[in-house]
1. When 127, 113 are ordered from fewest to most other Cβ atoms inside 10 Å of their Cβ, what list results?
2. Kindly state, to the nearest 0.05, the FRET efficiency for residue 154 paired with residue 63, given R0 = 25 Å and r defined as their beta-carbon distance.
3. At what distance in nm do the modelled label points of residue 111 and residue 123 sit from each other, each positioned 7 Å from its Cα along Cα→Cβ?
4. Once both labels are modelled 7 Å past Cα along the beta-carbon direction, what's the residue 56-residue 33 spacing in nm?
5. With a point put 7 Å past each Cα toward its Cβ, work out how far residue 131 is from residue 173 in nm, to one decimal.
6. Go ahead and run the numbers for FRET between residue 146 and residue 83, Cβ-Cβ distance against an R0 of 30 Å, rounding to 0.05.
């Protein structure tokens, strides 16, 4: 996804911080984002609204499906960002500048993350990314290598229902922790 910094510079993020189904991470920023009313419980409506917003962000070309065309669109956006002189070609100096900026950005982000969560969480985050990819593959119910918004919402709904132990259409902190322990 394309992000804008405070000084209006575009940066590109090619991965999802905790995956597309991240609203179950106990204490994670995604849980906070899904909890729209701040009551520390995530309702089904809040989870679906967060999922819809997340889908809109990762559906780069806006065609209502997550597929190879989104990767192509993301690469086109990356090209535009890297082509600083806007001549339609990326020179070695433009490539190296983009690479060095990315290295610096990742190092800064890694340093902030390690201060915030500690080094032991790094491996867990990598496992979460792999889980997210596997969940997207499972969400593709017709196996056409494209996840539509309907398939995505159905997967979110199923995951929400599995986590909602007492079936009250709300996931409490205890239920989120229970889901985390079962992984």
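1. 127, 113
2. The pair residue 154/residue 63 has a calculated efficiency of 0.85.
3. Label at residue 111, label at residue 123, 2.6 nm between them.
4. Calculated label separation equals 1.3 nm.
5. Each label point is offset 7 Å from its Cα along the Cβ direction, giving 2.0 nm.
6. 0.55
Read-outs: derived from the displayed coordinates by stated rules, not from any lab. These numbers were taken from a predicted model, which means no experiment stands behind them. Note that we place each Cβ from the backbone using ideal geometry, even for glycine, and neighbour counts take in every protein chain shown.
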